[in-house]
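The values are calculated or read from the model by the stated rules, or taken from the named source; none is laboratory data. Quantities reported herein were computed from a predicted structural model and do not represent experimental measurements. Ideal geometry is used to build each Cβ from the backbone, glycine not excepted, and the neighbour counts take in all protein chains shown. In case anyone asks, the SASA skips ligands and DNA or RNA and just uses the protein heavy atoms, side chains included. Shrake-Rupley method; radii C 1.70, N 1.55, O 1.52, S 1.80 Å.
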Amino acid sequence: MAEGEVNCIICLEVFEENGHMPRTLRCGHTLCTPCLAALLERPPNQRSCPECRHPIKITSVDHVAVSYTVLRLARALEQAQGAGLNIRSGDTCPSHSRPFSAWCKLSKRWVCPRCKCHPACTQLVPLKEAVLSDKRQTVKDTEDRLATLETIKGKMRVKRDKLVKQLDEVNTALTRLGQVISGLEETEAHVVNAGTPTTLSRANARHKPNMKAATDLLAKHSTQESDSGPGPDSTEPQPSESPVISPATPSPSPPLNGVITPEALKEKLSITQNLYAEREWCGEKKYARITLQGSDLCMHTLDNNPPPEDAYIVSFWPIRQQWVDCQQRAFMDVTIGDRVEGRLEVLLFNRSVRAETFCDLCVGEMGYTYKGQRLHFKVAEASVATQLVVGEEFQGEDGAVHAATSYHVSQYRDGGYYRRQVFPGLVSGVPAADHSRLAFFRVHMFHTKGRTDMYSFGKVEAGLSLIRQAFNDQQNKVSHISDCGLLFSV
């Protein structure tokens, strides 16, 4: 290896740590630090590698890393030329205990003068030349890979900057979309809740700018999709022209008789919040409000209060039949003290007679209802866990003992036994022969090992923690059922 290969190509000084630290350019050629600094003082159009004339785009010496590989090579060459090759005690032939003297290219091993090389080998590389050649090849391979990696690094930086710019644009677009969506939802609520022509006109006036902004965003998104080249199977509809907002007109109510599906009721609730089911029995009319909460339709307890004048009225019985044909569920809103704490949701088993009785009392179909009933807790005996009891006899405000909604209806009979292992949330009643407590039901709060309940008819799906909260606060606060009714999954 020649000495010039570890010298600066400008000043020809040997690379060393004190003043001539080697720095390798992106083109692969190496300069010392002072020469590179002097080169960077030239005008930008005159900065180029003195070896290959490749433009130099850096502005500071610190932008080019020190090539410690070249520096180590320079040190090794200086040591080999100044004091000869330093063979340590461990660098000896293991067979003859003599220092290595050459490298055999054919057998690819170090040999001493007494080693018998391969018969076909005609040339041995002297030790010094072999060591320097190996170092030179290693440095060359390393520098080539470093130059390639630097090129890849530069390309990756360009891609990163482009992605960062695109990410900023996406974040800005998401922020704008969130603003438009919030505005649409807010003005839509105003349109739905408008009760007079004046308020409806004002709500539509506020809704128009949001609709225009949404249409502009849709058109922009469609343009971007077409520019990016959608696939041949793309069936995304093109945005239509900006819709004209006209005053909303009430759609005709569904007939009071016939099949009314939960989906149709959900569609009605998207137009108005005043939707009621009418039940006429023996010349008396009662109304149950229908609301939408999450994915469930709620039909609340029947009462005698007439609905608002602009309410949609549907028949009670077809909706009640729809509930019988689907998964039977009921709800109870629990109030602790003066605040509604949450909702108790009950799933009923097997369409049993006890379950039907429970549902009648939830919706008030026969005139009696659980709405307004207090929650009681009792321990029948030491081995029985605490239970929630509704419909049990309790002390009234007048000091007399009352039976909560107990009544006699001949059609409520014993529907058989549904024995189940007791678990938290199991809902059960009493035999139909106990006519004084037909409205009675209880909710087990804990596991009871080895104990079963023959009169179970459902389980608590959600809200069991409300019962435990009411149990813990029973000494200080009165708990009662503020509302109840039936649930329909949509």
### Summary
Largest-first ranking of R157, R114, R468 by accessible area, probe 1.4 Å, whole protein assembly kept, is R114, R157, R468
### Query
Hey, what do the phi angles of the stretch 57-64 turn into as Karplus ³J(HN,Hα) couplings, whole Hz, using 6.51/-1.76/1.60 and θ = phi - 60°, x for Gly and Pro?
9, 7, 10, 9, 4, 5, 6, 10
### Task
Among the listed pairs K286/K371; K108/K128; K220/K268, give every one whose C-alpha distance is greater than 21 Å.
K220/K268
### Task
Using Cα pairs closer than 8 Å and at least 6 residues apart in sequence, work out the relative contact order for the stretch 92-230, in percent.
12 percent
## Note on the structure
Residue span H29 to S48: 0.36 nm per residue of separation minus Cα-Cα distance leaves a gain in nm of 5.7 nm
### Task
Please give the FRET efficiency for L124 paired with V158, using the beta carbon to beta carbon distance and R0 = 30 Å, rounded to the nearest 0.05.
0.05
## Note on the structure
All alpha-carbon distances of the stretch 446-490, grouped into 5 Å bins from 0, give the whole-percent distribution 5, 12, 17, 21, 20, 15, 8, 1
### Message
What does the extension gain come out to for A37 and T291, with contour length at 0.36 nm per residue minus their alpha carbon separation?
### Response
83.6 nm
## Note on the structure
Diffing the stretch 271-287: the Karplus 3J(HN,Hα) column from phi (6.51, -1.76, 1.60, θ = phi - 60°), in whole Hz with x for Gly and Pro, holds 9, 9, 8, 9, 10, 10, 9, 9, 10, 10, 9, 6, x, 10, 9, 10, 10
### Query
What's the center-to-center distance, using Cα atoms, between the stretch 306-321 and the stretch 38-55 in Å?
88 Å
### Query
Separation between the S270 and E185 pseudo-spin-labels, each 7 Å from Cα along Cα→Cβ, expressed in nm?
1.6 nm
### Message
Solvent-accessible area of I10, probe 1.4 Å, all protein chains present, reported in Å² to the nearest ten, please.
### Response
80 Å²
### Summary
So the FRET efficiency between F349 and K449, C-beta based with R0 = 35 Å and rounded to 0.05, is 0.95
### Message
Suppose the chain between F471 and R75 were pulled fully straight at 0.36 nm per residue; how much longer would it get relative to their current alpha carbon spacing?
### Response
134.1 nm
### Task
Provide the FRET efficiency to the nearest 0.05 for the N18-I58 pair, computing r from the beta carbons and using R0 = 30 Å.
0.80
